[in-house]
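Undergrad: Following this message is one structure expressed as structure tokens.
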Amino acid sequence: MDLDIGRKMIVREIMSSPVLTVTSDKNIVEAAKTMELGQVGAVIVTDAGGKPLGILTEHDIVARVVSRGSDPGRTRVDIVMTAPLLTIDPDTEITEAARMMSRYKIRRLGVVYKGELTGIVTSRDLLDVTPELFEILEEKARMGPEEETEIPLLAGYCDRCGAWSESLSEIQGEFLCEDCKIEREEESSSL
């Protein structure tokens, strides 16, 4: 992969496409066979028209079928799937994809472009590009110190209190609103 230090990586560059899908009327055995053939840990569940409804993961099968003693041949995927499917645009930066996965404690996002499912991005996809990201950081370090630039404020939900904020700050991997940022600083200073 050619490294362009000034360019941001986007989801389209790391997503898997096409996506393995099963229709909502299939049973768990059929879905598991699709997953096995595709050597994947999840499939997107769609309606008959191909619209994504949810996602069926290995964890869903274990937690909601096997552990309960349900018959996988008689259990429909739409009863077991996780819904709704959380999605992201293919032109979104991968850092935002990572934030979404962290925020919602998930490992997969459907990639939707103009209302159509075009791919899937997984935590594994993000891990696969980590060596390239380290190379970019090393190259930036070799180039010397940069001019100080103001860090742009982020809008979203605070990881600590869950409130919406137009000015989130990233503190040790958490995105915090101003109030929670102040609380955290006070907690740190009292230790």
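Undergrad: For residues in region 29-64 being part of a strand (DSSP E or B) and of a type in the set (S, T, N, Q), which is nearest to Pro18 (Cα to Cα)?
TA: Quick first cut of region 29-64, residues part of a strand (DSSP E or B) only: 42-46, 52-57.
Adding the requirement that they be of a type in the set (S, T, N, Q) leaves 46, 57.
Working: Thr46: 14, Thr57: 17 Å.
It comes out as Thr46.
Undergrad: Identify all residues within region 22-68 that are over 22 Å from the mean Cα position of the chain (by Cα), exposed (fewer than 12 other Cβ atoms within 10 Å of the Cβ) and closer than 22 Å to Glu116 by Cβ; write none if there are none.
TA: Selection gives Ala48, Gly49.
Undergrad: Condition check: of a type in the set (A, V, I, L, M) and in a loop (DSSP other than H, G, I, E, B). Does Ile106 satisfy that?
TA: Working: of a type in the set (A, V, I, L, M): yes; in a loop (DSSP other than H, G, I, E, B): yes.
Spelling it out, Ile106 is indeed of a type in the set (A, V, I, L, M) and in a loop (DSSP other than H, G, I, E, B).
Undergrad: Determine which member of the set Leu85, Leu53 is in contact with a strand residue (DSSP E or B) (Cβ under 7 Å, 6 or more places away or on another chain) and without any contact (Cβ under 8 Å) to a residue 40 or more places away in the chain. Please lay out each step first, then the result.
TA: Numbers: Leu85 fails: without any contact (Cβ under 8 Å) to a residue 40 or more places away in the chain.
Residue meeting the stated conditions: Leu53.
Undergrad: Mind listing just one residue for me: the one in region 73-103 that is in contact with a Lys or Arg (Cβ under 6 Å, 6 or more places away or on another chain) and not in a helix (DSSP H, G or I) and, of those, farthest from Thr21 (Cα to Cα)? Show your work before the answer.
TA: As a first pass, look at region 73-103 and keep what is in contact with a Lys or Arg (Cβ under 6 Å, 6 or more places away or on another chain): 77, 80, 90, 93.
With the extra rule that they be not in a helix (DSSP H, G or I), the set shrinks to 90, 93.
On the way: Pro90: 18, Glu93: 25 Å.
Among residues in region 73-103 that are in contact with a Lys or Arg (Cβ under 6 Å, 6 or more places away or on another chain) and not in a helix (DSSP H, G or I), the one farthest from Thr21 (Cα to Cα) is Glu93.
Computed from the coordinates by the stated procedures, all read-outs in this text should not be read as laboratory data. It should be emphasised that the depicted structure is a prediction, and the values quoted were computed from it without experimental measurement. Here the Cβ is made from the backbone with ideal geometry for all residues, glycine too, and neighbour counts use every protein chain on show.
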